[in-house]
Structure formats: C-alpha cells, structure tokens
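What follows is calculated from the coordinates using simple rules that are stated; it is not laboratory data. Because the structure is predicted, anything quoted here is derived from the model rather than measured. Every residue, glycine among them, receives a Cβ derived from its backbone with ideal geometry; neighbour counts consider all protein chains shown.
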Amino acid sequence: MTGLLLEDVSIGGLREVSLAVPGGQVVCLSGPSGSGKSRLLRAVADLEPHGGRVSLNGTDQQDVPAHQWRRQVVMVPADSQWWFDEVGAHFPDTAGGQFPAALGFPSEVMGWSVSRLSSGERQRLALWRALVLEPEVLLLDEPTANLDSDSTESMEHWLSGEIRRRQIATLWVAHDPAQIHRVANAHYRIQGAALELVHGSD
Ligand SMILES: Nc1ncnc2c1ncn2[C@@H]1O[C@H](COP(=O)(O)OP(=O)(O)OP(=O)(O)O)[C@@H](O)[C@H]1O
C-alpha cells in the first residue's frame, strides 16, 4: 500500500501494534501518560530499536539508512530542539519568503533570537520547520500542547490543510477528544499493551 504501515511493532510495553496511515490522512493516537505514545513515534522515526516492521510506500525502514529515512519521516517532538541562536538559521533560505500568515508571526521572525521564543511560538515554528522539509510522513507529538484554544484551532485548520494538500501520512498524538474529532480520519487508543481502534478504518 502507499503511505505508512506498521506491522506487529513492539517497543517498551507496547506489543505487536499494526496500523496503516495513507498519504494525506491523519491517524490520532491517544492513551494514558506513560503508555508509550512518544516511544512509538520514535520507533517509527527510527530513533529507537523496536520489533516488527515499519514501511513507507512499500519500502522497509530497515532497508534505508536512518538519516535518509528521517528525511522522509519527520518527527516533531513535544519539546522541539533548536541548535542555533537565530530562528532563520534553522530554515532553508527560501523558507522566509513563503512564511504562512496562519502561523501568526511578523515577517521579521527569521531574524529573531531563539531564546526569546515562547513555548507556543517554538511549537508553531517547529511545525513549519518540519513542513519545509517536504516530508512523506509527519509524526506529531501533541503539536498544540502549548497553544491557547484560538491558536489551537487555527493551527489545526492550517496543519490539516497542509497535510491534505501535500498528501502527508500523519500520526498525531492528542489527548483532547474534541481535537481528535476535528482532525482525525482514524483514532487509536492505547489500552495496556495494545492499540484499540476507536473510530476510522481498520
Ligand atoms: N529509552 C527508554 N528506555 C526505557 N524506557 C523508556 C525510554 N523512554 C521512555 N521510557 C519509558 O517508557 C514509557 C512510555 O514513555 P512515553 O514517553 O512513550 O509515554 P507517553 O505515552 O508519550 O506519555 P506522555 O503522555 O506523558 O507524554 C514511560 O514509562 C517511560 O518512562
């Protein structure tokens, strides 16, 4: 199939997790704190060893060098990492000119110092930084956790549109049932060691 496929993936307490994420669709993942949502995303990004098979458009993760896999399968962790002093140093030169208004920044943001960014500003910029890499797969770990309700809905709207337009297969960790209802094509909840399908296709 095209898109992201997990077959019998095991990591930490999670056992034999299988799910499919077609291009352009959002599969939400929820579950109690500590149940293994972030670790599962890290396994899909080839950041942690795991059992089972992960493939993208039929190509097995194990057959692709990790750095190459992570150019296509991009994870946005809950606490994004920033390496340089200036925001713009984390983006290709062309990114500033295409900066989406929906993110709510003035055009000078590329010249801002990273240290002045609020947690919500970091989160919004981390999402844009991931999108400019033109990924096939996005792994989003609570991408609106630091945003107020108005910003959350406008980010959701923008992000969902980008995911559809760019046909990105997206695994989105979320807690809020209302958000899951708004963005998800399918929703799985972690129950103990397994995933339970809450709604969407099997
Ligand atoms: N590298 C690791 N080795 C062993 N255990 C780990 C490792 N990383 C995380 N854990 C443990 O695995 C469990 C799942 O962690 P994970 O971060 O995936 O939870 P989560 O479902 O994302 O939780 P939250 O909703 O609180 O972010 C936790 O008990 C955590 O302490």
Averaging sequence separations of C-alpha pairs under 8 Å and six or more residues apart, then dividing by the length of the chain, give the relative contact order as a whole percent.
32
Tell me, what HN-Hα J-couplings in whole Hz come from the Karplus equation 6.51 cos²θ - 1.76 cosθ + 1.60 at θ = phi - 60° for each residue of the stretch 180-192, using x for Gly and Pro?
4, 4, 6, 9, 8, 7, 8, 9, 10, 10, 7, 10, x
If you average over every viewing direction, what projected area does the convex hull of the Cα atoms of the chain give, in nm²?
10.8
Stretch gain in nm, segment L197-S149, where the contour uses 0.36 nm per residue and the Cα spacing is subtracted
14.6 nm
Among DSSP beta bridges lying fully in the chain, give the percent that are antiparallel, nearest 5.
50
Measuring from label point to label point, each 7 Å out along Cα→Cβ, what is the S10 to Q62 span in nm?
1.4
What distance in nm separates the two pseudo spin-label positions at V132 and D93, each 7 Å out from Cα along the beta-carbon direction?
1.3
Extension reserve of the D176-S115 stretch, reckoned as 0.36 nm per residue once the Cα distance is removed:
19.0 nm
Per the rule of 0.36 nm per residue minus the C-alpha distance, extending S18 to R53 adds in nm 11.7 nm
At most 11 other Cβ within 10 Å, DSSP loop - chymotrypsin sites (Phe, Trp or Tyr not before Pro), the stretch 54-162:
W83, F84
How big is the charge dipole of the chain about its Cα centre, in debye rounded to the nearest 20, if each Lys and Arg gets +1 on its Cβ and each Asp and Glu gets -1 on its Cβ?
120
